[in-house]
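Just below is one structure, and these are the notes that go with it.
The values are calculated or read from the model by the stated rules, or taken from the named source; none is laboratory data. Not measured: the values here are computed from a predicted model. Note that each Cβ is placed from the backbone with ideal geometry, even for glycine, and that neighbours are counted across all protein chains shown.
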Amino acid sequence: MIKIGIVGVGLYGLNHIIALKQRELYRKDVKLVGFAEIDPVKLKEIEAAYGVPGFADYREMISKTKLDAITVVTPDHLHYAIVMDCLKAGIPVLVEKPLSTSLEEAKGMAKAARDKGVLLQVDFHKRFDPYHIDLKLRIKEGSLGTVQYGYCWMEDMLKVGTDMIGKKSWGDQGSPGWFLAPHMVDLSYWLMDYPKPMNVRAHGFKGKLSSMGIDIYDSIKTEVEFANGVVITYDICVVLPNSHESIVRQGVKLVGTEGFMEVNSQYRGARGCSSLKGMETPNLGMMYRDFDKDGRMIRKGYFSESICDFIDNLTYLQEGHSLADLEGKYASGEQGVEITKVGVAIHESIRGNGKVVDISKW
Ligand SMILES: NC(=O)c1ccc[n+]([C@@H]2O[C@H](COP(=O)([O-])OP(=O)(O)OC[C@H]3O[C@@H](n4cnc5c(N)ncnc54)[C@H](O)[C@@H]3O)[C@@H](O)[C@H]2O)c1
């Protein structure tokens, strides 16, 4: 039985609670023993809703609950201190993407995990989308030949900019280059088995959100060039009208010498319109609802697969395997560092009016 805790139960921390509570209920190999949350209102609400003890300070949670593992779901720029405290105490960590918005911090976490021999995993959940898993297999089998170029897009509604990235509590630290881009950068890197990146070039546009008093980029266009000559373009934005039929339009296309494959990672063929919700195309790959035998509603999908993979990895280690046995089979701290490199380079390139940033020696 793995005793686990969560730090940060804001918007996405709720999904960690759902995934872990369901795992506790149906697989019984994990127990959510506590969560930490600095917002006293959220702390009380979550305690009442889920019957899990809440702590205002994660250090108190660690010492009082004697947990075996932790998930960190604090804002993008506030992962470091918590992750480091856990790793130093020998506690395995699943941290939300991006690992960090600072390259120094990201490298520090990856190194601390290696030095201590403790599992540090990043929640890059697009790796768990069955469409992406199959695409990776096709690439491995050679059905695309040698990949030459690709394109990823993740274009979100304005409310993601206003209500999620532009949250007051995130100050000036929010950016679609951190909140959204890491999903697609990791996805493309992972599909291609993490080739060596050389250069990053990006353009950022401001206007819509800044006119609303939120000083973050509306959109970012990025090109990453790899040592093998492959170039991937990433289009990221948070200015889709809030009336759009889904919170996000997203997908990936890779083109090789023998073929291409394009996955629409949002529109899965389910489209409808209702008085209640208007037009909608729900991404049922990420989350769909079902019922257990007792009629309780449960939530399935790759959001949960990704969190539960951390539990699977911990179980695998408990069974006597080593971190070396897991190598290449999970989103490691080092891979998190690679994605942070791109995020840092994106923002540096934008500040330099689209200058090419050489990350090959970072
Ligand atoms: N995988 C995904 O699809 C996905 C989606 C959304 C967010 N995220 C990631 O999840 C993380 C959190 O994002 P969010 O949108 O939930 O942010 P949020 O601001 O809604 O929630 C973060 C919570 O952390 C709490 N917090 C901050 N510092 C704390 C500390 N020291 N101890 C305890 N609690 C603390 C805040 O009070 C807040 O409630 C980010 O890294 C984000 O990129 C991932």
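Identify, please: which residue in segment 82-100 is of a type outside the set (A, V, I, L, M, F, W, C) and within 9 Å of the ligand (Cβ to nearest atom) and is, among those, farthest from GLY34 (Cα to Cα)?
Restricting attention to segment 82-100, the residues satisfying the condition of being of a type outside the set (A, V, I, L, M, F, W, C) are 85, 88, 90, 92, 96-98, 100.
Going one step further and asking which of them are within 9 Å of the ligand (Cβ to nearest atom), we end up with 96-98.
Working: GLU96: 18, LYS97: 22, PRO98: 23 Å.
Residue satisfying both the conditions and the ranking: PRO98.
Which numbered condition in (1) more than 14 Å from the ligand (Cβ to nearest atom); (2) surrounded by 23 or more Cβ atoms within 10 Å (Cβ to Cβ); (3) without any contact (Cβ under 8 Å) to a residue 60 or more places away in the chain is the only one that HIS79 fails?
Of (1) more than 14 Å from the ligand (Cβ to nearest atom); (2) surrounded by 23 or more Cβ atoms within 10 Å (Cβ to Cβ); (3) without any contact (Cβ under 8 Å) to a residue 60 or more places away in the chain, only one is false for HIS79: (1).
Any residue at all in segment 32-45 that is away from the ligand (no atom under 14 Å from the Cβ) and either on the phi < 0 side of the Ramachandran plot or modelled with pLDDT of 95 or more (or both)? Reasoning before the result, please.
Looking only at segment 32-45, we keep the residues that are away from the ligand (no atom under 14 Å from the Cβ), and these are 32-33.
Cutting the leftovers down to either on the phi < 0 side of the Ramachandran plot or modelled with pLDDT of 95 or more (or both) gives us 32-33.
There is at least one residue in segment 32-45 that is away from the ligand (no atom under 14 Å from the Cβ) and either on the phi < 0 side of the Ramachandran plot or modelled with pLDDT of 95 or more (or both).
In the list LYS293, LYS277, LYS300, LYS253, which residue meets the criterion of being away from the ligand (no atom under 16 Å from the Cβ) and touching a Phe, Trp or Tyr at 6+ places or on another chain (Cβ under 8 Å)? Explain how you work it out, then say what you get.
Numbers: LYS293 fails: touching a Phe, Trp or Tyr at 6+ places or on another chain (Cβ under 8 Å); LYS277 fails: touching a Phe, Trp or Tyr at 6+ places or on another chain (Cβ under 8 Å); LYS300 fails: away from the ligand (no atom under 16 Å from the Cβ).
From the options LYS293, LYS277, LYS300, LYS253, the qualifying one is LYS253.
Can you tell me which residue is nearest to GLU96 (Cα to Cα) among those in segment 9-21 that are more than 11 Å from the ligand (Cβ to nearest atom) and surrounded by fewer than 19 Cβ atoms within 10 Å (Cβ to Cβ)?
Only one residue fits best here, namely ILE18.
Among residues belonging to segment 287-313 that are crowded, with 16+ Cβ neighbours inside 10 Å and hydroxyl-bearing (Ser, Thr, Tyr), point out the one that is nearest to GLU96 (Cα to Cα).
Checking each candidate, the answer is SER306.
Output the residues belonging to segment 101-116 that are within 16 Å of the ligand (Cβ to nearest atom) and within 23 Å of ILE311 (Cβ to Cβ).
MET109
Does segment 257-276 hold any residues that are assigned to a strand (DSSP E or B) and either out of contact with any helix residue (DSSP H, G or I) (no Cβ under 8 Å at 6 or more places or on another chain) or closer than 19 Å to SER243 by Cβ (or both), and which are they? Show your work before the answer.
Pass one, segment 257-276, residues assigned to a strand (DSSP E or B): 260-264, 272-274.
Correct list: PHE260, GLU262, ASN264, GLY272, CYS273, SER274.
Look through ALA112, ALA106 and report the one residue that is under 24 Å from ALA345 (Cα atoms), over 20 Å from the mean Cα position of the chain (by Cα) and either among the polar types (S, T, N, Q) or not in a loop (DSSP other than H, G, I, E, B) (or both). Don't jump to the end; show me each part of the working.
Numbers: ALA106 fails: over 20 Å from the mean Cα position of the chain (by Cα).
On inspection, the qualifying residue turns out to be ALA112.
Just to confirm my filter: which helices (runs of 4 or more DSSP H) fall fully inside segment 163-219 and include at least 2 residues that are within 16 Å of the ligand (Cβ to nearest atom)?
Numbers: elements: 176-179, 181-191, 208-211.
It comes to 176-179, 181-191.
If you check ASP68 against the conditions, is it in contact with a Pro (Cβ under 9 Å, 6 or more places away or on another chain), more than 10 Å from the ligand (Cβ to nearest atom) and within 30 Å of LYS107 (Cα to Cα)?
The answer is yes for ASP68.
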